[in-house]
Amino acid sequence: MCAGCFIHLLADARLKEEQATCPNCRCEISKSLCCRNLAVEKAVSELPSECGFCLRQFPRSLLERHQKEECQDRVTQCKYKRIGCPWHGPFHELTVHEAACAHPTKTGNELMEILDEMDQSHRKEMQLYNSIFSLLSFEKIGYTEVQFRPYRTDDFITRLYYETPRFTVLNQTWVLKARVNDSERNPNLSCKRTLSFQLLLKSKVTAPLECSFLLLKGPYDDVKISPVIYHFVFTNESNETDYVPLPIVDSVECNKLLAAKNINLRLFLFQIQK
C-alpha cells in the first residue's frame, strides 16, 4: 500500500470512529503496526508504470525523472509567464508557442497593468511577513506546543472534534478546540477536508486582553501550514474566538493530521499593549 493510500485510510477511520483495516485481508492496521517493506519497495520500483502525459511505460524508479525532464508531452509554461502569459501546454509545442507569443510585443502600458497585478500579490506576502516581524518586537510574547486530542460529541450521530488540555501562556490559562469541515454531518464522504480552530481564554481577567495569535506546525511534523495572523480582544464576557480556518495547504495535508493519533502544533500569542 502506498503512503498516500495508507494516510487516507487512517484518516477515514478516524472520521468514522472505526479501527482502520486493510482493504484486502481486513486485518487491523495503524502506524505502530505497519513498517516499510524495503524488498517489496525495490521490486515495485522496477515494475512498469504509465507516464501520465505520454502514456508510455517506464520502470517506476525512472518515471519521476522522465515526467520532470524528458517527456515531450509534459505540461510546461511559457518563458514569458513573468510578464503575464497564461499559456500551459505540452513541451513539444513550447518552441512554436514562444515564437508566436504576443506578450513580448505588448506595449509598456499593457505590461505595466500585468506587473501591477503581480506586485499586488507580492505586496500581500510581504505585508504578512512584515506583520510577523512587527509582532516579534512586542514586549509580551508567548508560545507553546499544543496537542489536540480527538473526542466525540454526545449527539445521536456523533461528530469528531479535537481539544487540547489546558495550558498557560502569558500568565493566562487557555484551551484550543478544532473541528473537521466545520462539523458537517459526514466529513468522511467528502474529498475536500479542512480543519478550523478556536482559542478559548479560561482565566478571569481584570481588563480586556487584546492578542494576536497564529498556529504553525510542530517541530517534528512535516505538515504544510501557511502562516495566518488572527486577532481578538478577550474579556470575561467574550472569552472565545470564532472558529477560524487552520491554513493547511490542501486536503492531503489535512489527512496527515487526521491520520495521526494526536495533532501536534505550535501556538504563538502576542499581547498588544496600548
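Do we have any residue at all in segment 62-74 that's in contact with a strand residue (DSSP E or B) (Cβ under 8 Å, 6 or more places away or on another chain), assigned to a loop (DSSP other than H, G, I, E, B) and open to solvent by less than 90 Å² (accessible area, probe 1.4 Å)?
Of all residues in segment 62-74, those in contact with a strand residue (DSSP E or B) (Cβ under 8 Å, 6 or more places away or on another chain) come to 63, 66, 72-74.
This time we only want the ones that are assigned to a loop (DSSP other than H, G, I, E, B), so: 72-74.
With open to solvent by less than 90 Å² (accessible area, probe 1.4 Å) added as a condition, the list becomes 73-74.
Yes: one or more hits.
State which residue pairs qualify: first residue within 18 Å of GLY52 (Cα to Cα) and inside segment 86-108, second residue hydrophobic (A, V, I, L, M, F, W, C) in any location, beta carbons under 6 Å apart, and separation of 6 or more residues or different chains.
As it stands, the answer is HIS88/VAL75, since those pairs meet every condition given.
Check off (1) open to solvent by 60 Å² or more (accessible area, probe 1.4 Å); (2) among the hydroxyl-bearing types (Ser, Thr, Tyr); (3) under 30 Å from GLU240 (Cα atoms) for THR105 and give me the number that stays unchecked.
Single failed check for THR105: (3).
Going through LYS68, LYS124, LYS140 one at a time, which residue ends up being closer than 30 Å to LYS177 by Cα and under 28 Å from the mean Cα position of the chain (by Cα)?
Details: LYS68 fails: closer than 30 Å to LYS177 by Cα; LYS140 fails: under 28 Å from the mean Cα position of the chain (by Cα).
From the options LYS68, LYS124, LYS140, the qualifying one is LYS124.
Inside segment 137-155, can you point out the residues that are open to solvent by 70 Å² or more (accessible area, probe 1.4 Å), without any contact (Cβ under 8 Å) to a residue 24 or more places away in the chain and either touching a Cys at 6+ places or on another chain (Cβ under 8 Å) or not aromatic (Phe, Trp, Tyr) (or both)? Please lay out each step first, then the result.
Step one: of segment 137-155, the residues open to solvent by 70 Å² or more (accessible area, probe 1.4 Å) are 137, 139-140, 143, 145, 149, 151, 154-155.
Subset that is without any contact (Cβ under 8 Å) to a residue 24 or more places away in the chain: 137, 151, 154-155.
Listed by number, the residues that qualify are SER137, ASP154, ASP155.
When you check SER251 against the structure, is it within 23 Å of TYR151 (Cα to Cα) and either of a type in the set (Ser, Thr, Tyr) or in contact (Cβ under 8 Å) with a residue 60 or more places away in the chain (or both), yes or no? Full working, then the answer.
Numbers: within 23 Å of TYR151 (Cα to Cα): yes; either of a type in the set (Ser, Thr, Tyr) or in contact (Cβ under 8 Å) with a residue 60 or more places away in the chain (or both): yes.
Against the criterion (within 23 Å of TYR151 (Cα to Cα) and either of a type in the set (Ser, Thr, Tyr) or in contact (Cβ under 8 Å) with a residue 60 or more places away in the chain (or both)), SER251 qualifies.
Tally up the residues in segment 229-265 that are touching a Gly at 6+ places or on another chain (Cβ under 8 Å) and more than 27 Å from LEU135 (Cα to Cα), please.
Taking segment 229-265 as the starting set, the residues that turn out to be touching a Gly at 6+ places or on another chain (Cβ under 8 Å) are 252, 264-265.
Add one more test, that the residue is more than 27 Å from LEU135 (Cα to Cα), and what stays is 252.
Qualifying residue count for the region: 1.
Name the one entry in ALA43, ALA99 that is at pLDDT below 85, among the aliphatic types (A, V, I, L, M), out of contact with any Lys or Arg (no Cβ under 7 Å at 6 or more places or on another chain) and not in a loop (DSSP other than H, G, I, E, B).
Criteria check complete, one pass: ALA43.
Can you find a residue in segment 221-231 that is at pLDDT 90 or above and buried (at least 16 other Cβ atoms within 10 Å of the Cβ)? I'd like the intermediate steps shown before the answer.
Within segment 221-231, the subset at pLDDT 90 or above is 228-231.
Still in the list and also buried (at least 16 other Cβ atoms within 10 Å of the Cβ): 230.
Within segment 221-231, one or more residues are at pLDDT 90 or above and buried (at least 16 other Cβ atoms within 10 Å of the Cβ).
Exactly one of these conditions fails for LEU15: (1) part of a loop (DSSP other than H, G, I, E, B); (2) in contact (Cβ under 8 Å) with a residue 24 or more places away in the chain; (3) of a type outside the set (Phe, Trp, Tyr). Give me its number.
(1)
For the subset of segment 201-220 comprising residues that are farther than 19 Å from LYS274 by Cβ and either aromatic (Phe, Trp, Tyr) or in contact with a helix residue (DSSP H, G or I) (Cβ under 9 Å, 6 or more places away or on another chain) (or both), which member is surrounded by the fewest Cβ atoms within 10 Å (Cβ to Cβ)?
Step one: filter segment 201-220 for residues farther than 19 Å from LYS274 by Cβ, giving 202-204, 214-220.
Filter once more, so that each one left must be either aromatic (Phe, Trp, Tyr) or in contact with a helix residue (DSSP H, G or I) (Cβ under 9 Å, 6 or more places away or on another chain) (or both): 214, 220.
Details: LEU214: 20, TYR220: 7.
It comes out as TYR220.
Can CYS25 be described as surrounded by 10 or more Cβ atoms within 10 Å (Cβ to Cβ) and either free of Cβ contacts under 8 Å to residues at least 24 places away in the same chain or under 29 Å from the mean Cα position of the chain (by Cα) (or both)? Give the steps one after another, and end with the answer.
Details: surrounded by 10 or more Cβ atoms within 10 Å (Cβ to Cβ): no; either free of Cβ contacts under 8 Å to residues at least 24 places away in the same chain or under 29 Å from the mean Cα position of the chain (by Cα) (or both): yes.
Judged against the criteria, CYS25 is not a match.
Which condition does GLN198 not pass, out of (1) open to solvent by less than 40 Å² (accessible area, probe 1.4 Å); (2) part of a loop (DSSP other than H, G, I, E, B); (3) modelled with pLDDT of 90 or more, if it passes all the others?
(2)
Go through segment 38-61 and count every residue that is surrounded by 13 or more Cβ atoms within 10 Å (Cβ to Cβ) and farther than 25 Å from GLU93 by Cα.
5
I'd like to verify a number: residues in segment 129-155 that are of a type in the set (S, T, N, Q), in a loop (DSSP other than H, G, I, E, B) and within 30 Å of LYS274 (Cα to Cα), how many? Steps first, please.
First pass over segment 129-155, keeping only residues of a type in the set (S, T, N, Q): 130-131, 134, 137, 144, 147, 153.
Keeping just the survivors that are in a loop (DSSP other than H, G, I, E, B) gives 137, 153.
Imposing the further condition that a residue be within 30 Å of LYS274 (Cα to Cα) reduces the set to 137.
Looking only at that region, the number is 1.
The values are calculated or read from the model by the stated rules, or taken from the named source; none is laboratory data. This is a predicted model, so every value here is computed, not measured. Using ideal geometry, Cβ is built from the backbone for each residue, glycine included, and neighbour counts are taken over all protein chains shown. Surface accessibility is based on the protein's heavy atoms, side chains included, excluding ligands, DNA and RNA. Shrake-Rupley method; radii C 1.70, N 1.55, O 1.52, S 1.80 Å.
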